[in-house]
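Participant: Can you read through this structure? Questions will come right after.
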Amino acid sequence: MDETDDLFQPRVSNLEYRTGLIDFNFVRNFASLIELLSPYQTELELVRLGRESDGGYVVAQLPIKDLKFQAITLGVGDEITADQTLLSQGYTIFAVDGTVDNPLQEDIKFHFHKSNIGYKVNSYPTEITYEKLLHQNDLDASVDLLMIDIEGSEYQLLSKELEKISKARQIVVEFHGLELLGDNDFLESVIRIFIRMNETHQVVHIHGNNSGSGISFAGTEWPSIIEVTFLQKKYCKKIRNYGPFPGKLDYPNSSNRPDIDLNPFFSEVPTYLILSRRISKLWEI
């Protein structure tokens, strides 16, 4: 087990963690995180895959001439409407989830692996690496779409296998455990992942999942779960998308709660900066 395993795995399981005293380092690092996650405009149309609730995702509609009609789903769960939408569009899907049985056994274009993404030699259920998944299915890493929803293991996956993952034209990730950002070690490690992702891809959509909790400060709340769509830079414009957040393609994950307002972080005048400026002035004193 390397230092990445030590950092991510125990901490993302601790859902009771809260940041204590908000200090200068946290504010500085959090501002860097917001910059890395700020959405940009794309020349492509954004569409929704799946239902208008939890399990639906917003992606860019890639040009037909660029499509291989291949997608990978890491973490299937019980909600498969996004996969069903892709299958109806002619995609072949390679799916991984050790917690459920194949939900689409009769569809020959849905290739299911009852495994979890992981790096233990001996485990139950079986663990498989992303690279091994590609090799077993004779797949080139440049798939059209990679969807990742693996309940906190996404950080370990991205830190270990981003070189292969970044070949995908589009990557949708549900990031969990973000109330842990109050731990600067965790926050700095997440920032390093996003810096690497931004070398090849740009964020084109972000949505707060209202099923979790969050970090409250300066009259705002940062969600513990976010859904982020990364698109290869060749399809993106160098123009920020200032929202609104949520947008017209977004819906609450949990219907009995209001959707999460991310405008304080990603609008043209983000109000979270008020706190940053106050702490910066105190630090200078």
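Participant: Give a residue-ordered list of calculated ³J(HN,Hα) values for the range 226-233 (Karplus: 6.51 cos²θ - 1.76 cosθ + 1.60, θ = phi - 60°; whole Hz; x for Gly, Pro).
Facilitator: Karplus values, whole Hz, x for Gly and Pro: 10, 10, 10, 10, 9, 10, 3, 4.
Participant: Another question about this same structure. From the cross-link list LYS68/LYS248; LYS132/LYS234; LYS160/LYS237; LYS65/LYS132; LYS68/LYS167, which pairs have alpha carbons spaced over 20 Å apart? Write down the numbers at each step before the final one.
Facilitator: Values: LYS68/LYS248 28 Å; LYS132/LYS234 28 Å; LYS160/LYS237 29 Å; LYS65/LYS132 28 Å; LYS68/LYS167 13 Å.
Exceeds cut-off: LYS68/LYS248; LYS132/LYS234; LYS160/LYS237; LYS65/LYS132.
Participant: Divide by every residue of the chain the summed helix terms, -39500 (n - 2.57) for each DSSP H run of at least 4, and state the resulting mean residue ellipticity at 222 nm, rounded to the nearest 500 deg cm²/dmol.
Facilitator: Calculated at 222 nm, the ellipticity per residue is -8500 deg cm²/dmol.
Participant: Quick one: which of 84-93, 98-107, 163-172 comes out on top by average Cβ neighbours within 10 Å, and what's the full order, highest first?
Facilitator: Those peptides, ordered most packed to least, come out 163-172, 84-93, 98-107.
Participant: Now for a separate question. Could you check how many percent of all C-alpha pairs in the chain are farther apart than 27 Å?
Facilitator: Working: 15778 of 40470 pairs.
Every Cα pair in the chain considered, those over 27 Å come to 39 percent.
Participant: Would you work out the relative contact order for the chain, in percent, from Cα pairs under 8 angstrom that are 6 or more residues apart? Walk me through the numbers before you get to the answer.
Facilitator: Numbers: 540 pairs, mean separation 65.4, N = 285.
Relative contact order for the chain comes out at 23 percent.
Participant: Turning to a different aspect of this structure: Give me P(r) over the range 26-133, computed from all C-alpha to C-alpha distances, binned every 5 Å, as integer percentages.
Facilitator: The distribution over the range 26-133 is 2, 10, 16, 17, 16, 15, 12, 7, 3, 1, 0, given as percents.
Participant: Looking at the chain, send over the antiparallel percent of its DSSP beta bridges, to the nearest 5.
Facilitator: Given both bridge residues lie in the chain, the antiparallel proportion sits at roughly 55 percent.
Participant: On to the next question. Run the dipole for the chain about the Cα centre, Lys and Arg Cβ at +1, Asp and Glu Cβ at -1, nothing else charged, and hand back the magnitude in debye, nearest 20.
Facilitator: Computed about the Cα centre, the dipole is about 1000 debye.
Participant: Among 137-145, 183-191, 69-77, how do they line up from the highest to the lowest mean number of other beta-carbon atoms within 10 Å?
Facilitator: Output ranking for 137-145, 183-191, 69-77: 69-77, 183-191, 137-145.
Participant: Taking amide H positions as placed 1.01 Å from N in the peptide plane, with prolines and chain starts having none, which residues 5 or more places from ILE260, or on another chain, fall under 5 Å of its amide H?
Facilitator: GLY208, ASN210
Participant: Among VAL204, HIS111, SER216, whose Cα projects farthest towards the positive end of the dipole of the chain, with charges put on the beta-carbon of Lys, Arg (+1) and Asp, Glu (-1)?
Facilitator: It is VAL204.
Participant: Also, I was wondering about something else. What is the dipole size for the range 102-208, taken about its Cα centre, with +1 at each Lys and Arg Cβ and -1 at each Asp and Glu Cβ, in debye to the nearest 20?
Facilitator: Taking the Cα centre of the range 102-208 as origin, the dipole is about 260 debye.
We did not get these values from a lab; they are worked out from the coordinates using the rules stated. What you see is a predicted model, and the numbers here were worked out from it, not measured in a lab. Cβ atoms come from the backbone with ideal geometry, glycine included; neighbour counts cover every protein chain shown.
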